[in-house]
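The values are calculated or read from the model by the stated rules, or taken from the named source; none is laboratory data. Values in this document were obtained by computation on a predicted structure and should not be read as measured data. All Cβ positions, glycine included, derive from the backbone under ideal geometry; neighbour counts span all protein chains shown. Only protein heavy atoms, including side chains, enter the accessible area calculation; ligands, DNA and RNA are left aside. Shrake-Rupley method; radii C 1.70, N 1.55, O 1.52, S 1.80 Å.
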Amino acid sequence: LLSPLRHLSPTVISVSSAMAILLSSHISLAATTIKMGSDEGSLNFVPSSVTIPSGEKIIFLNNKGFPHNVIFEKDGVPQAVEIEKISHVDYMNEQGEQFIVVLTEKGNYKFFCEPHAAAGMNGEITVT
């Protein structure tokens, strides 16, 4: 009797194995995108407030009105979180540049764009 997997290529088997590992590790494949600068060019994060499950990827997308960066507030994140590890201090100067972060500690995370903080460019992520 021949195995039903004998007809699958090694690539397909590898992909299936990798998916099983990802699923069993509780890693979220979902992503939330937050634009830096609205499509109309206003200096804000779009959306400025989101709620996501723990482990979901957040993509900060440099859109309009740059340069931008993403700084998490020292007193605006859960106590165990090191803001240096989740902030993106360097300015992004090109449309389409991305900064990706994964937040796993449940709670609220307040952030802002340093060059546009006075313009009210800030936001909040709630991790559940």
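What the table below lists for this structure:
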quantity	calculated
Flag if SER28 is outside any strand (DSSP E or B), within 22 Å of LEU103 (Cα to Cα), modelled with pLDDT of 95 or more and touching an Asp or Glu at 6+ places or on another chain (Cβ under 8 Å)	no
Test: residue in the stretch 9-24 that is out of contact with any His (no Cβ under 7 Å at 6 or more places or on another chain), open to solvent by less than 60 Å² (accessible area, probe 1.4 Å) and either aromatic (Phe, Trp, Tyr) or at pLDDT 95 or above (or both)	no
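Okay, residues lined up against (1) in a helix (DSSP H, G or I); (2) modelled with pLDDT under 95; (3) open to solvent by 30 Å² or more (accessible area, probe 1.4 Å); (4) out of contact with any strand residue (DSSP E or B) (no Cβ under 6 Å at 6 or more places or on another chain):
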position: ILE59; (1), (2), (3), (4): no, no, no, no
position: LYS64; (1), (2), (3), (4): no, no, yes, yes
position: GLY76; (1), (2), (3), (4): no, no, no, no
position: ALA80; (1), (2), (3), (4): no, yes, yes, yes
position: ASP90; (1), (2), (3), (4): no, no, yes, yes
position: GLY96; (1), (2), (3), (4): no, no, yes, yes
position: TYR109; (1), (2), (3), (4): no, no, no, no
position: ALA118; (1), (2), (3), (4): yes, no, yes, yes
position: ILE125; (1), (2), (3), (4): no, no, no, no
